[in-house]
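Throughout, read-outs are computed from the coordinates displayed, never taken from laboratory work. Fair warning: this is a prediction, and the values are worked out from it, not measured in the lab. For neighbour counting, all protein chains shown are included, and Cβ atoms are generated from backbone atoms with ideal geometry for every residue, glycine included.
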Amino acid sequence: MPGIDPSLPSVRFVEHRLDNGLRVLVAPDHLAPVVAINVWYDVGSKHEQPGRTGFAHLFEHLMFQGSRHVGKAEHLAIVQGAGGVVNGTTYFDRTNYFETLPSHRFELGLWLEADRMATLLDAVNQENLDNQRDVVKNEKRQSYDNRPYGSFYERLLASVMPEDHPYHHTPIGSMADLDAASLDDVRAFFRTYYVPDNAVLAIVGDVDPDEAVASARRYFEPIPPGPGIPPLGDLSLPPHIGRMVREEIHDRVPLTRVHLGFRTPPFGTPAFEALEVATQIAAGGQGSRLYRRLVRERRIAQDVVLFMLPLVEGASVLAGWATVRPEADAATVEAVFREELERMTAEPVTDDELLRARALIESEELAALGRVEEVADRLAMYATLFDRPALINEQLARYLAVDAPAIRQVMRDVVRPDNMAVLTYVPGAGAGEAAA
């Protein structure tokens, strides 16, 4: 497996573990007078129990509703008033909160993150919980229920992942579960997972590493560790779905759209990396195979997309769609889409295609490593998911090492009829009908 390539740029960082278990990563970058702070908590929707889904995403909202020393919504106002930006995201495998600030104000970001890690529950009351439940419900209505094709994400995961696996449900969770959640349930979830020994703090930018570590120690080390993280158990999965899953959804959509999904090896494996290169060849821009065939030559699709959904427990997902032009039909679009993917299982990609895909990936990776906020995010990600922050300096070389035989083999393993979900959205009101 490729290691660090000395010809590629390298991120220098130091790592410390505080007495309470918090992992601190600091990477100096003095190009601009800014500092990115990123806190990754090892909690996502995969950690939720049946009947208690949506908690990780709910906390993405509650984390901005105040803490002992910060009033409701003041976290955002304080950061923005200091000339910074702030946000948070929730995913299947993790939750993160981040700020980018002028370097002379970076301790402000540390104080804010430490205050809510230590004292958030001081501000979590029934009124806040009810209010943020309503915010999440409104988000689900806007992003899933009332958006054309918005339900595909939930339906796709439910088709590709078994019902008893935590990836079967998406981070938005069940609104019925959120309605049933008590204040005690929510507080217990926070006390379990939002603790220093379940977190990684990345600090990247115009800082002195020793001073940054000392500041992290001053603000975070007084916070006690948590009670212990419940084990997830065995989340391994068979490599294939085991059948073809089909569902036709009649919905308020402007055009018919065909979605495809496949179960794949998990994020962090060489096979996953080969699939990422394969998706560039298949659908990376207007020179790609799928775009050329479906949009430019056959003129049967308005657009075409193919991407990897990175997941670390048991399996990931290869997903894509094509929006059918009004004069075409879904069956033809699906057939041509599948034909192009299956062609990659039968014959090697060309040298030109591989060079183009590598160039696109290298350009994207190098651009990302030039942004302090992205470096902070990746350091925390590799530490949280793989216990190896040094992967930040190996990942590009791993992508560039993918060759044509590796792509052909992984496509053979993944793109097969017994490992495929086909979701077809058709204009018109009514419930979808599922068939296997």
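Here are some notes:
- Segment R246-D185, extension gain: residue separation times 0.36 nm, minus the distance between their alpha carbons: 18.3 nm
- Gained length - R141 relative to Q409, 0.36 nm times residue gap less alpha-carbon distance: 92.4 nm
- The sum of -39500 (n - 2.57) across all DSSP H runs of n ≥ 4, divided by the residue count of the chain, sets its helix-only mean residue ellipticity at 222 nm to -11500 deg cm²/dmol.
- Dipole of segment 123-248 computed with +1 at Lys/Arg Cβ and -1 at Asp/Glu Cβ about the Cα centre; of V135, T192, I241, farthest Cα towards the positive end is I241.
- The modelled label-to-label distance for the pair E154/R338, using points 7 Å beyond Cα in the direction of Cβ, is 2.7 nm.
- Taking the number of Cβ atoms within 10 Å of each Cβ as an exposure proxy, the fewest-first ranking of T345, T279 is T345, T279.
- Annotation note: GluC sites (Glu not before Pro) in segment 234-326 located in DSSP loop regions with a Cβ neighbour count of at most 13 within 10 Å are absent.
- Fewest-first ranking of S288, S143, using other Cβ atoms within 10 Å as the exposure measure: S143, S288
- E211-H30 pseudo-label distance in nm [points 7 Å out on the Cα-to-Cβ vector]: 1.1 nm
- Stretching Q126 away from Q286 to a fully extended chain increases their span by 52.5 nm, per 0.36 nm per residue minus the current alpha-carbon distance.
- Antiparallel %, DSSP beta bridges [both residues in the chain], to 5: 75 percent
- Placing a label point 7 Å from the Cα of T89 along the Cα-to-Cβ direction, the residues of segment 304-332 with a backbone N closer than 19 Å are 306-313, 316-320.
- Percentage, to the nearest whole number, of Cα pairs in the chain over 28 Å apart: 54 percent
- Per residue, the convex hull around the alpha carbon atoms of segment 221-286 comes to 289 Å³.
- By the rule of a C-alpha distance below 17 Å, with chain neighbours fewer than 8 residues away ignored, the aspartates and glutamates paired with K140 are E60, D130, E154, D177, D179, D251.
- Short-range pairs are left out: with C-alpha atoms under 8 Å and at least six residues apart, the relative contact order of the chain is 23 percent.
- Cβ-placed point charges (K, R +1; D, E -1), dipole of segment 14-220 about Cα centre in debye, nearest 20: 260 debye
- Order of E163, E394, E340 - criterion: other Cβ atoms within 10 Å of each residue's Cβ, fewest first: E163, E394, E340
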